[in-house]
Amino acid sequence: MSSSSLTQDSRKVAGRTAYQDGLAAEDIVLRTYRSRGYQLVDQRWRGRCGEIDLIFSGNDELIFVEVKKARSSDIAAERLSDRQLWRIARSAEDYIGTVAADPMTPMRLDLATVDANGRVAVLENLTLD
């Protein structure tokens, strides 16, 4: 087998592992929000502007959650770029405008990080610069 085939195979395995890690992180965050009394409305919703990992309802608002996993919560939080936050905000507006029953529904954007030990940290109500 050539070294380029091994490299390709390694990337495929790494990609599958990262995907599975992401799904596991979403599941941990899902359980965390449910334990706080929120109801899952949608998961991996894809609109014109991009995908939103988790959407919950509770306290008369919709919560759009981006999930990031890394060795530590700090590293995971650093992986959310301003550009990505803007994309998530536009996707949330798209969701409210096309799916939500009331286009005036209050909303917030949260970042949920999952560290290597499965601990969840939630940064609520992110703001755009």
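Does segment 112-119 include one or more residues that are out of contact with any strand residue (DSSP E or B) (no Cβ under 6 Å at 6 or more places or on another chain), buried (at least 17 other Cβ atoms within 10 Å of the Cβ) and charged (D, E, K, R)?
Yes, the conditions are met somewhere in segment 112-119.
Taking interchain pairs and intrachain pairs at least six residues apart, which have beta carbon atoms under 6 angstrom, with the first residue in segment 113-129 and at pLDDT below 95 and charged (D, E, K, R) and the second part of a loop (DSSP other than H, G, I, E, B) and exposed (fewer than 14 other Cβ atoms within 10 Å of the Cβ)?
none
Pairs please, first residue from segment 50-74 and closer than 12 Å to residue 30 by Cβ, second anywhere and small (Gly, Ala, Ser) and surrounded by fewer than 23 Cβ atoms within 10 Å (Cβ to Cβ), Cβ atoms under 6 Å, 6+ apart in sequence or on different chains.
67/25
Within segment 85-98, does at least one residue satisfy the condition of being among the β-branched types (Val, Ile, Thr) and exposed (fewer than 14 other Cβ atoms within 10 Å of the Cβ)? Steps first, answer last, please.
Narrowing segment 85-98 to residues among the β-branched types (Val, Ile, Thr): 88, 96, 98.
Keeping just the survivors that are exposed (fewer than 14 other Cβ atoms within 10 Å of the Cβ) gives 98.
There is at least one residue in segment 85-98 that is among the β-branched types (Val, Ile, Thr) and exposed (fewer than 14 other Cβ atoms within 10 Å of the Cβ).
State yes or no: is residue 76 of a type in the set (Gly, Ala, Ser) and either within 26 Å of residue 21 (Cβ to Cβ) or buried (at least 20 other Cβ atoms within 10 Å of the Cβ) (or both)?
Numbers: of a type in the set (Gly, Ala, Ser): yes; either within 26 Å of residue 21 (Cβ to Cβ) or buried (at least 20 other Cβ atoms within 10 Å of the Cβ) (or both): yes.
Yes, satisfied.
Quick test of your reading of the structure: residue 43 fulfils all but one of (1) touching a Leu at 6+ places or on another chain (Cβ under 6 Å); (2) among the polar types (S, T, N, Q); (3) over 28 Å from residue 103 (Cβ atoms). Name the failing condition by number.
(3) is the only condition that residue 43 fails.
Could you list, in sequence order, the residues of segment 94-112 that are over 16 Å from residue 122 (Cβ atoms) and either part of a strand (DSSP E or B) or touching a residue at least 40 places away in the same chain (Cβ under 8 Å) (or both)? Outline the logic, then answer.
Within segment 94-112, the first condition is being over 16 Å from residue 122 (Cβ atoms), and the residues that meet it are 94-106.
Within segment 94-112, 94, 95, 98, 99, 105, 106 meet the criteria.
For residue 28, indicate whether it is β-branched (Val, Ile, Thr), under 16 Å from residue 108 (Cα atoms) and touching a residue at least 12 places away in the same chain (Cβ under 8 Å).
Working: β-branched (Val, Ile, Thr): yes; under 16 Å from residue 108 (Cα atoms): no; touching a residue at least 12 places away in the same chain (Cβ under 8 Å): yes.
When the stated conditions are applied, residue 28 does not pass them.
Any residue that is at positive phi and not hydroxyl-bearing (Ser, Thr, Tyr) - is there at least one of those in segment 67-87?
Initial filter on segment 67-87 (at positive phi): none.
No, every residue in segment 67-87 fails to be at positive phi and not hydroxyl-bearing (Ser, Thr, Tyr).
Take the residues of segment 19-47 that are within 13 Å of the chain's Cα centre (by Cα) and charged (D, E, K, R): which is farthest from residue 120 (Cα to Cα)?
46
The values are calculated or read from the model by the stated rules, or taken from the named source; none is laboratory data. None of the values given here were measured: they were computed from a predicted structure. Ideal geometry is used to build each Cβ from the backbone, glycine not excepted, and the neighbour counts take in all protein chains shown.
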